[in-house]
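We did not get these values from a lab; they are worked out from the coordinates using the rules stated. Keep in mind the model is a prediction, meaning the values are calculated, not measured. Positions of Cβ are generated from backbone atoms using ideal geometry, with glycine treated the same way; all protein chains shown enter the neighbour counts.
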Amino acid sequence: MKSIVILISGRGSNMEAIVRAQIPGARIAAVISNRPDAAGLAFARAHGIAAELLDHTAYPDRAAFDAALAACIDAHAPDLVVLAGFMRVLTDGFVRRYAGRLLNIHPSLLPSFPGLHTHRRALETGVRVHGASVHFVTAELDDGPIVIQAAVPVLPGDDESTLAARVLAQEHRIYPQAVRWFVEDRLVLGGGRVTVTGVAEDAGAALIVPAGQEAA
């Protein structure tokens, strides 16, 4: 049984997707938020999961908060730490502490559009395909070996909200899948890439196109 700690800052819809997936061999040990108004804490409590608040505004600097956060996480002895809408830039020391067991999801097809406002930037750039990426976290923002990606079309008439909703639906598919592969010990890191054992294609470049949207 692998223990998982999930970090959120708001609703935590990806956290909800992972919890609802009921991944065999996984136990969600705790959900931790840096914001007291995070709705996801109530969801965690309702599902019998330890829900903890660590308000970042109570700490003098980023390093102090990250040290407290690491102590809170380590109290649950997790095999995996999952960032699910955790809106904090983490210090290099924190990232190194959980190297190889710290996952993040980003709403773009990395390396395109790291950072904020990904859907707006995708629309402004005029890309025809957008999506989401699950990756192992490194010290560089929104960087690191990619586990799995999902692509969606950018449709005529899309705005930020419609495109975001289409991408979010795929996030809820691929994040539980990435966690499941980790729990099954199928993710192999090497040379800056991820390979999934027992999967035909190299998941370092895995691309899911939603049903009914395949290229002609």
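Charging the Cβ of each Asp and Glu at -1 and of each Lys and Arg at +1, and nothing else, the dipole of the chain about its Cα centre rounds to 340 debye. Backbone geometry of segment 25-39 corresponds, through the Karplus equation with coefficients 6.51, -1.76 and 1.60 at θ = phi - 60°, to 3J(HN,Hα) couplings of x, 10, 10, 7, 6, 6, 10, 10, 10, 8, 10, x, 8, 5, 5 Hz, x marking Gly and Pro.
Could you compute the net charge surrounding VAL183? Neighbours are other residues with a C-beta less than 12 Å from the C-beta of VAL183; K and R count +1, D and E count -1.
Numbers: positive: LYS2, ARG27, ARG101, ARG180, ARG186; negative: ASP79, GLU184, ASP185.
Neighbourhood net charge equals +2.
Return the percentage of antiparallel bridges among DSSP beta bridges fully within the chain, rounded to the nearest 5 %.
On the way: 15 of 35 bridges.
Beta bridges within the chain, antiparallel portion: roughly 45 percent.
Of the DSSP H helices in the chain, none is both long (alpha-carbon extent of 20 Å or more along the helix axis) and hydrophobic (Kyte-Doolittle mean at least 0.5). Close amide H contacts of LYS2 (hydrogens built in the peptide plane, cut-off under 5 Å, sequence separation of 5 or more or a different chain): ALA26, ARG27. The distance linking segment 44-78 with segment 111-164 is 28 Å (Cα centroid to Cα centroid, whole angstrom).
A simple count of charges around PRO78, restricted to other residues whose Cβ falls under 12 Å of its Cβ and scoring Lys, Arg +1 and Asp, Glu -1, yields +2.
A crude spin-label estimate for the pair LEU53 and ASP185, with each label 7 Å from Cα along the Cβ direction, gives 4.0 nm. Segment 119-203: percent of C-alpha pairs farther apart than 14 Å? When all Cα pairs of segment 119-203 are counted, 66 percent exceed 14 Å. Once backbone amide H atoms are built at 1.01 Å from N, ASP158 has no partners under 5 Å, excluding neighbours fewer than 5 places away on the same chain. Taking each DSSP H run with n ≥ 4 as -39500 (n - 2.57) and averaging over every residue of the chain yields -9500 deg cm²/dmol at 222 nm.
By the Cα gyration tensor, the chain has an equivalent ellipsoid whose semi-axes, rounded to whole angstrom, run 27, 20, 17 from largest to smallest. Between HIS130 and VAL152, VAL154, the built amide H atoms are under 5 Å apart, and every one of these is 5 or more places off in sequence or on another chain.
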